Amino acid sequence: MGSGGAEEGVSVVKSRINDILTPHAVVELVVKKNWNLLKAWRKHLGLNQKELAARAGISQPALSQMENSNNHQDATIEKLATAMGVRPEQLVD
């Protein structure tokens, strides 16, 4: 079956928000481990909570709380997105 012209070996899933691409590996972590996008991206990028929190200028307990809930402050999501090199829309479910 054809892949619609997509390059072989590139596996991405299109998000409905502004056609943002999310790697299949991130989506798989969300589905299989029931993680939110924030935690799935952090794990995908090989960062621990302490490293990411330091890069974003937030506390590790604050990051932990965000990964275990869907209560996110927009300003904090922006900081985390910048620290991870992704768009803020990619971190919220």
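The values are calculated or read from the model by the stated rules, or taken from the named source; none is laboratory data. Keep in mind that what you see is a predicted model, and the values were worked out from it rather than measured. In this analysis, Cβ positions are derived from the backbone assuming ideal geometry, glycine residues included, and neighbour counts consider all displayed protein chains.
Tally the residues that are surrounded by 13 or more Cβ atoms within 10 Å (Cβ to Cβ) and more than 18 Å from Thr76 (Cα to Cα), restricting the search to the range 26-40.
6
So that you can scan it fast, the table gives a plain yes or no per residue for (1) farther than 21 Å from Asn34 by Cβ; (2) part of a loop (DSSP other than H, G, I, E, B); (3) not acidic (Asp, Glu):
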site: Ala53; (1), (2), (3): yes, no, yes
site: Ile58; (1), (2), (3): yes, yes, yes
site: Leu63; (1), (2), (3): no, no, yes
site: Met66; (1), (2), (3): no, no, yes
site: His72; (1), (2), (3): no, yes, yes
site: Thr76; (1), (2), (3): yes, no, yes
site: Ala83; (1), (2), (3): yes, no, yes
site: Gln90; (1), (2), (3): no, no, yes
site: Asp93; (1), (2), (3): no, yes, no
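Checking Met1 against (1) of a type outside the set (Gly, Ala, Ser); (2) in contact with a helix residue (DSSP H, G or I) (Cβ under 9 Å, 6 or more places away or on another chain); (3) at pLDDT below 95, which single condition isn't satisfied?
Among (1) of a type outside the set (Gly, Ala, Ser); (2) in contact with a helix residue (DSSP H, G or I) (Cβ under 9 Å, 6 or more places away or on another chain); (3) at pLDDT below 95, the lone unmet condition for Met1 is (2).
If the Cβ limit is 7 Å and pairs must be 6+ apart or interchain, which residue in the range 41-68 that is modelled with pLDDT of 95 or more and surrounded by 15 or more Cβ atoms within 10 Å (Cβ to Cβ) pairs with which residue that is aliphatic (A, V, I, L, M) and not in a helix (DSSP H, G or I)?
Going by the 7 Å Cβ cut-off, the qualifying pairs are Trp41/Val86.
In this structure, is His24 within 12 Å of the chain's Cα centre (by Cα) and modelled with pLDDT under 95?
yes
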